[in-house]
Every structure is written in structure tokens, then in C-alpha cells.
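Only one structure is covered here, and it is reproduced in the block below.
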Amino acid sequence: MKDPNEFEMPYDLHSEMSEQELVEIHIGDVNLPTGRIIASDPFFVDSQRPFSRTVEPDKYPVYIYMAEIDKLHHRIAYAKVKFRPEEATKWILALTDDLTEEELGSLEPDEFYGFPVESGLAAFMDEETSSQFIDKMDVFEEANPDADYYDEVLAEEFRLYSGKNNFSRDLGDWNDHSISNDTDNNLVMFASGWGDGYYPAYWGLNENGDTIELVIDFLISDFESDDEEDIEE
């Protein structure tokens with residue numbers, strides 16, 4: 001089987017982002033002890049594989065890019081992990097390590113592989129952190145069979161971490177969730193654009209092919225276009 005990294009599917013992310021007025025916010029640093037990154041709905045991470053491309057294990061800054069819907073309403077259009085301070089000059093589709101050669105070769109130019117969101121949240125995390133988070137939620141559910149992890153644990157974290165930010169809703173739109181006091185492993189979570197959907201991620205590279213960043217596109221402009229079409233109809 002071919003290496004998924006050989007399937008470079010270019011995407012003009014710079015053009016997409018520059019067409020929108022966006023506010024950049026640094027929302028935390030994600031610890032990547034193995035360098036194998038997962039982008040996923042945090043509540044469905046057990047079915048999400050890491051990307052095939054890896055990075056040097058370290059802590060890296062995470063940014064979100066807020067799009068103004070109206071003066072009192074913003075949504076997260078993009079989320080990014082930045083690995084190097086230089087600017088990326090090209091972007092390719094980020095592919096998980098479980099895709100077959102047949103699947104990789106079947107994509108049309110306007111299609112993508114991404115990850116599903118069903119809780120209105122997405123997150124960056126390391127593969128090691130993913131396993132720890134699954135175990136943490138399992139322990140919680142066994143001890144609290146009638147409770148909800150978001151309501152009992154995450155809701156207050158989100159509210160305290162970002163609820164007072166001018167670009168966030170009062171309930172909080174992003175959060176840095178620690179696995180435990182015994183490890184630096186964490187999940188940097190954020191609201192997924194307009195909510196549930198299927199979203200792509202892209203590696204930003206320099207001219208030498210070095211990995212500069214990883215960006216999730218929440219397809220804000222696509223949703224806005226759909227809304228305009230519905231209004232016209």
C-alpha cells in the first residue's frame with residue numbers, strides 16, 4: 001500500500017481564509033507526546049484514527065479564527081495547531097492512517113476525507129491522550145451511570161475558560177481540558193463552526209515540504225452560502 005502522505009491533494013486554504021475577516025485567538029497549547037495527532041469530536045474519539053503524517057513530539061500552540069456573523073455573534077471558522085513560526089505556502093488534505101489505497105485514489109477534486117462531529121465540539125489531541133481520555137470517560141460513566149460528562153465536567157470548564165471572552169458565547173466556545181494532574185496530556189477543545197457536520201483538516205507546508213501547521217476548516221462560508229440559497233428560494 002502507498003504511503004497516504006504521497007497523496008498530496010492541494011487546497012487553496014490561504015485564499016479561503018484571506019477572503020474572510022477573521023480574528024485570531026490563541027486558546028492554549030496541546031501536548032503531543034507521540035507526535036501522532038487526532039482531530040475529532042471528543043465524544044467519538046474512540047472511532048477516530050490519527051493522521052498518517054506525524055510531527056516532532058512537543059507542546060504546540062493552538063489558534064482559532066473567529067468569523068463575525070453579526071456584531072454580537074461570532075463562530076469559529078478554523079482551528080489550527082502551529083508547529084513552526086514561518087508561514088505555510090501550500091496545503092494538502094490531512095489523511096488518517098486507516099485509509100486504503102482504493103479510498104485514497106477515489107476522491108474527486110471537490111471531495112475530502114474528514115471527521116464527523118455530533119456533539120457540536122471538536123478537539124486536537126495526541127493519540128496517547130485519546131486513549132487516556134476514553135479511559136477517563138469510561139471511569140466517569142461507571143461511577144455516574146445517569147450523568148453526562150459534558151454537563152458534569154466540561155460545561156463549567158468551558159464557561160470559566162472562555163465564557164467571558166468577547167468573541168465567545170456565555171457558555172464558552174473553547175477549553176483546555178487536562179487528563180489529570182499527573183500528566184501534561186490535554187485536549188484543546190472548541191465549538192465546531194455551526195455545529196454538527198463532517199469537516200476536513202489540512203496540513204500547511206513550506207516550499208521544502210516541512211510541516212508548518214494543521215488546520216481544521218469548519219466550512220463556515222459553505223453554510224452561509226447554503227443559508228443564502230434557502231432564503232432566495
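Bear in mind that the values in this text are calculations on the coordinates, not laboratory data. Note that this is a predicted model, so its numbers are computed, not measured. Note: ideal-geometry Cβ built from the backbone for every residue, glycine included; neighbour counts use all protein chains shown.
A few comments on the model shown:
- J(HN,Hα) series, region 88-93, from Karplus relation 6.51 cos²θ - 1.76 cosθ + 1.60, nearest Hz, glycine and proline x: 6, 10, 8, 10, 10, 4
- Over the chain, Cα pairs under 8 Å with separation of 6+ residues give a relative contact order of 26 percent.
- Ranking of T211, T89 by count of other Cβ atoms within 10 Å, fewest first: T89, T211
- Extension gain for the segment E68 to E111, taken as residue separation times 0.36 nm less the Cα-Cα distance, is 12.8 nm to one decimal.
- Cα-centre dipole for region 4-232 with unit charges at Cβ (Lys and Arg positive, Asp and Glu negative), debye to 20: 1000 debye
- For the chain, the number of Lys pairs separated by eight or more positions or lying on different chains, with C-alpha atoms closer than 18 Å, is 5.
- Each of M66, M137 was scored by other Cβ atoms within 10 Å of its Cβ. Arranged with the fewest first, they read M137, M66.
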